[in-house]
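First the structure, in the form of structure tokens, and then the observations on it.
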Amino acid sequence: MASANATYGQKESSDQNFDYMFKILIIGNSSVGKTSFLFRYADDSFTPAFVSTVGIDFKVKTIYRNDKRIKLQIWDTAGQERYRTITTAYYRGAMGFILMYDITNEESFNAVQDWYRLPVAALKKKKKKKKIKSTAPKILS
């Protein structure tokens, strides 16, 4: 089982002690759950209050796989159009992207094609709410 240590926007005291480091960005429209996904993954916490991300924030999570210490820098980007020029500047050096959409919001799903110019993994969020008709296999294949 993996051990993990996460911090929000701060460096760990042993920040340079890792075997691999990966920069990963979470992208997608506003209000699809990017920040709550990041907090759940990095800290195993959830806050029901909604606070829109302004610009960009990040968390650091250290995981252990095959006797290697892997540092993940996971960047949470603002989904609003007005922040696109700021957030796209952080794409440089990214090893991967997580593209998120809200399955209860068809507009966020339709925007996947706009975001899909990068190599991504698509995650659907808010599973317990009413689902919209999905054509994800057509887009992602």
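The values are calculated or read from the model by the stated rules, or taken from the named source; none is laboratory data. Keep in mind the model is a prediction, meaning the values are calculated, not measured. Every residue, glycine as well, gets a Cβ built from its backbone with ideal geometry; the counts of neighbours run over all protein chains shown.
Brief remarks on what is shown
- Across region 50-64, the qualifying residues are those that are hydroxyl-bearing (Ser, Thr, Tyr) and modelled with pLDDT under 85, and the one among them that is surrounded by the fewest Cβ atoms within 10 Å (Cβ to Cβ) is Ser52.
- All conditions in (1) in a loop (DSSP other than H, G, I, E, B); (2) at pLDDT 85 or above; (3) more than 14 Å from the chain's Cα centre (by Cα); (4) not β-branched (Val, Ile, Thr) hold for Met21, with the sole exception of (1).
- Taking residues in region 65-90 that are in a strand (DSSP E or B) and surrounded by 13 or more Cβ atoms within 10 Å (Cβ to Cβ), and partners anywhere that are among the hydroxyl-bearing types (Ser, Thr, Tyr) and at pLDDT below 70, the pairs with Cβ atoms closer than 8 Å and at least 6 places apart or on different chains are Thr77/Tyr83; Thr77/Thr87.
- Some residue of region 4-18 being under 25 Å from Trp115 (Cβ atoms) and modelled with pLDDT of 90 or more: no
- Inside region 122-136, residues that are at pLDDT below 60 and surrounded by 11 or more Cβ atoms within 10 Å (Cβ to Cβ) make up a count of 6.
- Selected residue [at pLDDT below 80, of a type in the set (S, T, N, Q) and outside any strand (DSSP E or B)] from Thr104, Thr35, Thr47: Thr47
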